[in-house]
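> Submitted below is the structure of interest, expressed as structure tokens.
Values in this text are rule-based calculations from the coordinates and carry no lab data. Quick caveat: nothing in here was measured; it's all calculated off a predicted structure. In this analysis, Cβ positions are derived from the backbone assuming ideal geometry, glycine residues included, and neighbour counts consider all displayed protein chains.
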């Protein structure tokens, strides 16, 4: 008998077809948002759940899923899942690590270029038929050569960003909970700084840290005040690392040159004032959005779930809280 599985949102077709052949599959919604009450109703008799960062899997939901044996999160992070409650019920939780690094690093550089060179403003200018010819002062931005990039969180993605940044002639400084070895620092041409020193020195600050109690609102109003008025802030990590209201105020008041976002504090809700700010570039969480990467994610999430439901310990089981 095939296990009953709930899929909260569609996967890419190849992965979804594969999952449907192996399980008794129910797709909860074909839309963008699944109300918690609807998720709770559909999960009651399911043995497996394949979900995403936007799906809240808390203690209350798990109490309504007595048959649940495995949760496969199609994401690297698992902040949407109450791991303690899942473990207390013997539920295996998995994620999809180590495949988002390169596309997320690519997007980081895209946001750096979009903000420093005012690309979105310039595109909108042309689309509104305002371009009347070349001017020496038209959309003056900032060059990258010789500037300082401060990376907060020098894990796999942060290191991939550092490697790319070298090609742009950027000086690289970083802050990390654990300092890298001298050999790794030398290979990346990266110099360690304490957080406050990094914020004061950097022309561009790029966030690649994980979200935990220590990093929640790590970039507060106080920290933003340390940054140069000409500085740019990029966040492709987790929205709650930045106080979004404080950052919006800093952008609105000219305290920062610009900011580029791919993640938000209360996702999918975005601070409304950001939409009216020309110095804010806002993207809909597309850090891993290449076909190749999303297919790998989808297939990994499916295989994680099938292994767990078969009684195996998946290689991508989340073991730390």
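> Which of 275, 261 has the fewest other C-beta atoms within 10 Å, and how do the rest follow up to the most?
Least crowded to most crowded, the residues run 275, 261.
> Let me ask you something else. Using only the alpha-carbon atoms, how far is helix 13-22 inclined from the longest principal axis of the chain? Give it as 0 to 90 degrees, nearest 10.
20
> For a distance above 36 Å, tell me the whole-number percent of Cα pairs in the chain that qualify.
26
> Can you compute the modelled spin-label distance between residue 225 and residue 313, with each label point 7 Å from Cα toward Cβ, in nm?
Rounded to a tenth, the inter-label distance reads 5.0 nm.
> Let me ask you something else. How tilted is helix 101-116 with respect to the longest principal axis of the chain? Cα atoms for both, answer in degrees (0 to 90, nearest 10).
Taking the Cα atoms of the chain, the angle to 101-116 is about 30 degrees.
> Given 0.36 nm per residue, what is the gain on full extension from residue 196 to residue 210 after removing their alpha carbon distance, in nm?
That pair, residue 196 and residue 210, stretches by 3.2 nm at full extension.
> Residue 121 to residue 249: FRET efficiency via 1/(1 + (r/R0)^6), r the Cβ-Cβ distance, R0 22 Å, to the nearest 0.05?
0.60
> Percent of Cα-Cα pairs more than 15 Å apart in the range 89-173, please.
So the portion of pairs separated by more than 15 Å is 68 percent.
> Could you work out the relative contact order of the chain, using alpha carbon pairs under 8 angstrom and six or more residues apart, expressed as a whole percent?
With pairs under 8 Å counted, the relative contact order is 18 percent.
> OK, next. Please report 219, 91, 120 as a ranked list, fewest other C-beta atoms within 10 angstrom at the top and most at the bottom.
So the ranking, lowest neighbour count to highest, is 120, 91, 219.
> Separate question: What's the angle, to the nearest 10 degrees (0 to 90), between helix 156-166's Cα axis and the longest principal axis of the chain?
30
> Multiplying the sequence separation of residue 187 and residue 12 by 0.36 nm and subtracting their Cα-Cα distance, what value in nm do you get?
Roughly 59.3 nm would be gained on extension.
> Please give, to one decimal in nm, the separation of the simple spin-label points placed at residue 145 and residue 52, each 7 Å out from Cα toward the Cβ.
Placing both labels 7 Å beyond Cα along the Cβ direction yields 4.2 nm.
> Rank 172, 136, 207 by mean-square fluctuation in a GNM of the chain with C-alpha springs under 10 angstrom and give only the top-ranked residue.
136
> By its C-alpha gyration tensor, with a ≥ b ≥ c as the square roots of the eigenvalues, how is the range 184-321 shaped: rounded for a/c under 1.5, else prolate for a/b larger than b/c, else oblate?
Judged from the Cα gyration tensor, the range 184-321 comes out prolate (a/c at least 1.5, a/b above b/c).
> Once label points are set 7 Å from the Cα along Cα→Cβ at both residue 24 and residue 45, what is their separation, rounded to one decimal in nm?
With each label point 7 Å from Cα toward Cβ, the separation is 0.6 nm.
> Could you work out, for the range 101-282, what percent of all Cα-Cα pairs fall into each 10 Å distance bin, beginning at 0 Å and stopping at the bin that holds the largest distance?
Calculated P(r), rounded to whole percents: 10, 39, 36, 13, 3, 0.
> Which whole-number percent gives the relative contact order of the range 101-282, counting Cα pairs below 8 Å spaced six or more residues apart?
21
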